[in-house]
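Participant: First the structure, then my questions, so here it is.
Read the figures in this text as sums done on the coordinates, not as results from a lab. None of these values were measured; they are calculated from a predicted model. In this analysis, Cβ positions are derived from the backbone assuming ideal geometry, glycine residues included, and neighbour counts consider all displayed protein chains.
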Amino acid sequence: MSNMQWCHYRNDQLLAEEVPLASVASEFGTPTYVYSKAAILDAYGEFVRAAQGRRALVCYALKANSNLAVIELLARAGAGFDIVSAGELARVLAAGGDPAKVVFSGVGKSEADIRAALAVGVRCFNVESEPELERINALAAGTGQRAPISLRINPDVDAGTHPYISTGLRENKFGIAHERALDAFKLAASLPNLEVLGIDCHIGSQITEIAPFLAALDKLLELAGRIERAGVALQHLDLGGGLGIDYQGEQPPARGELLAAIFERVAAHPLGQRYELMFEFGRSIVGNAGLLLTRVEYLKSTPVKDFAVVDAAMNDLMRPALYDAWHGVLPVVRRVGQKVVYDVVGPVCESGDWLARNRALAISAGDLLAIETAGAYGMAMSSNYNSRPRAAEVLVDGRRALLVRSRETVESLYALERRLPPED
């Protein structure tokens, strides 16, 4: 099993915490996302304990999983939130999150996004370009406010991850180039309706080593010194997130180990004690806290390959098709018998519609499978391709299984569409 201790067998039946997954399928149907309350809080708690006694704010990156129940769990635990749209901001507010702990990131904030954030008083805008500085300044002026901002710097550090989720290289669209950073900070300080609070970076996702984080931090600290010498005072350093998880035997550093290394490096810097530190973790909080429950529709054999055709598909879990990503597959009922090597595929009309390849499984049609480590970028990236309603979401809490998102209906998919007027 990957790193999902909350998901375990008892008498050859797979349980989520203390809830049999077969009962989840019976009550809520399939496909269904299942999340563990304990696993989410344990992961977030590791970061909090590592930051104890420090001036630090640990934010949850909503893009990983934006279910209201997940947000509310973390809001109750005191988390800040990293958002990238007005829609995500609305979710934080609907779940009881504190806007004063919200960091608004994203490379393409619209005027509507910025107005919404100004109206509720977010903690900070992470600004990614000079034109964005000008836009926020103008909109803040219209409301008589000074908008709190931080500049996201692109440190040109290779995170050693998939190119689609690497965000800290010169050729990426994110952030302000390192060599232009000082001028950008001077511009920000000159604009009357901006309050410069900090400097930030985020170099990518699913990072499994400490070295890239420290390399980016070193560049940020060096740049912060030059900014301070230029007369622009900073209050915080935002190191973003990106810590990876175990999908297929990866060995990322422990959450506390990463933060300890960062705190040590900051403490050794002459200006380090002056800054509050901010972090924005998503996958490493929820990734291993979720699975996708699906049922085998058919077992199909061809002269060259055997397929387990399931009722979940690429529209439910996009990561394999998009990133060639690995997810573990567990039978919900563990059977004794001959294992067959299957590709686990969905019913969508694409050859790219697969969830797992070359998995040895002893299964029959009608059996349930659990697709592991699906708590991050699963439901959040799902779609209605082929007019497929999106899955239900369930949160397990000990012996309880709570429905936290109802399954969509087909009718809801076209509820906003309109037929043509009658022909004359």
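Participant: Find the residue count for region 329-345, including only residues that are within 30 Å of the chain's Cα centre (by Cα) and more than 21 Å from residue 23 (Cα to Cα).
Facilitator: Counting residues in region 329-345 that are within 30 Å of the chain's Cα centre (by Cα) and more than 21 Å from residue 23 (Cα to Cα) gives 4.
Participant: Answer with yes or no whether residue 247 is aromatic (Phe, Trp, Tyr) and closer than 18 Å to residue 43 by Cβ.
Facilitator: So residue 247 fits the description; yes.
Participant: Answer yes or no: is there a residue in region 58-66 that is in contact with a Leu (Cβ under 8 Å, 6 or more places away or on another chain) and of a type outside the set (Ser, Thr, Tyr).
Facilitator: no
Participant: Going by the conditions given, is residue 359 surrounded by 16 or more Cβ atoms within 10 Å (Cβ to Cβ), touching a strand residue (DSSP E or B) at 6+ places or on another chain (Cβ under 6 Å) and outside any strand (DSSP E or B)?
Facilitator: no
Participant: Failed condition for residue 246, given (1) out of contact with any Cys (no Cβ under 7 Å at 6 or more places or on another chain); (2) surrounded by 16 or more Cβ atoms within 10 Å (Cβ to Cβ); (3) farther than 29 Å from residue 15 by Cα; (4) of a type in the set (Asp, Glu), with all others met?
Facilitator: The number of the failed condition is (3).
Participant: What's the number of the condition residue 179 fails, among (1) touching a residue at least 40 places away in the same chain (Cβ under 8 Å); (2) within 18 Å of residue 129 (Cα to Cα)?
Facilitator: Among (1) touching a residue at least 40 places away in the same chain (Cβ under 8 Å); (2) within 18 Å of residue 129 (Cα to Cα), residue 179 violates only (1).
Residue by residue, here is whether (1) more than 24 Å from residue 257 (Cα to Cα); (2) in contact with a Lys or Arg (Cβ under 7 Å, 6 or more places away or on another chain) holds:
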| site | (1), (2) |
| --- | --- |
| 28 | yes, no |
| 31 | yes, no |
| 36 | no, no |
| 40 | no, no |
| 52 | no, no |
| 60 | no, no |
| 66 | yes, yes |
| 77 | no, no |
| 84 | yes, yes |
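Participant: Please state which one of 75, 69 is part of a helix (DSSP H, G or I), small (Gly, Ala, Ser) and farther than 20 Å from residue 122 by Cα.
Facilitator: Just one listed residue meets the conditions, 69.
Participant: Return a yes/no flag: does region 43-59 have any residue that is under 20 Å from residue 404 (Cβ atoms) and touching a Gly at 6+ places or on another chain (Cβ under 7 Å).
Facilitator: For region 43-59, residues under 20 Å from residue 404 (Cβ atoms) and touching a Gly at 6+ places or on another chain (Cβ under 7 Å): absent.
Participant: Kindly indicate whether any position in region 312-328 is in a strand (DSSP E or B) and not aliphatic (A, V, I, L, M).
Facilitator: Checked against the condition, which is being in a strand (DSSP E or B) and not aliphatic (A, V, I, L, M), region 312-328 yields no hits at all.
Participant: Ok, one more. Please enumerate the residues belonging to region 233-288 that are of a type in the set (Val, Ile, Thr) and outside any helix (DSSP H, G or I).
Facilitator: Across region 233-288, the qualifying residue is only 245.
Participant: Also, quick follow-up: If you take the residues in region 292-311 that are part of a loop (DSSP other than H, G, I, E, B) and among the charged types (D, E, K, R), which one is surrounded by the fewest Cβ atoms within 10 Å (Cβ to Cβ)?
Facilitator: Of everything passing the filter in region 292-311, 305 is surrounded by the fewest Cβ atoms within 10 Å (Cβ to Cβ).
Participant: Restricted to region 360-399, and to residues that are out of contact with any Lys or Arg (no Cβ under 9 Å at 6 or more places or on another chain) and basic (Lys, Arg), which residue is nearest to residue 336 (Cα to Cα)?
Facilitator: Among residues in region 360-399 that are out of contact with any Lys or Arg (no Cβ under 9 Å at 6 or more places or on another chain) and basic (Lys, Arg), the one nearest to residue 336 (Cα to Cα) is 399.
Participant: Which one is surrounded by the most Cβ atoms within 10 Å (Cβ to Cβ), of the residues in region 362-392 that are in a loop (DSSP other than H, G, I, E, B) and of a type in the set (A, V, I, L, M)?
Facilitator: Checking each candidate, the answer is 374.
Participant: Then there's this: Within region 189-232, how many residues are surrounded by fewer than 20 Cβ atoms within 10 Å (Cβ to Cβ) and either part of a strand (DSSP E or B) or in contact with a Phe, Trp or Tyr (Cβ under 6 Å, 6 or more places away or on another chain) (or both)?
Facilitator: So the answer is 2.
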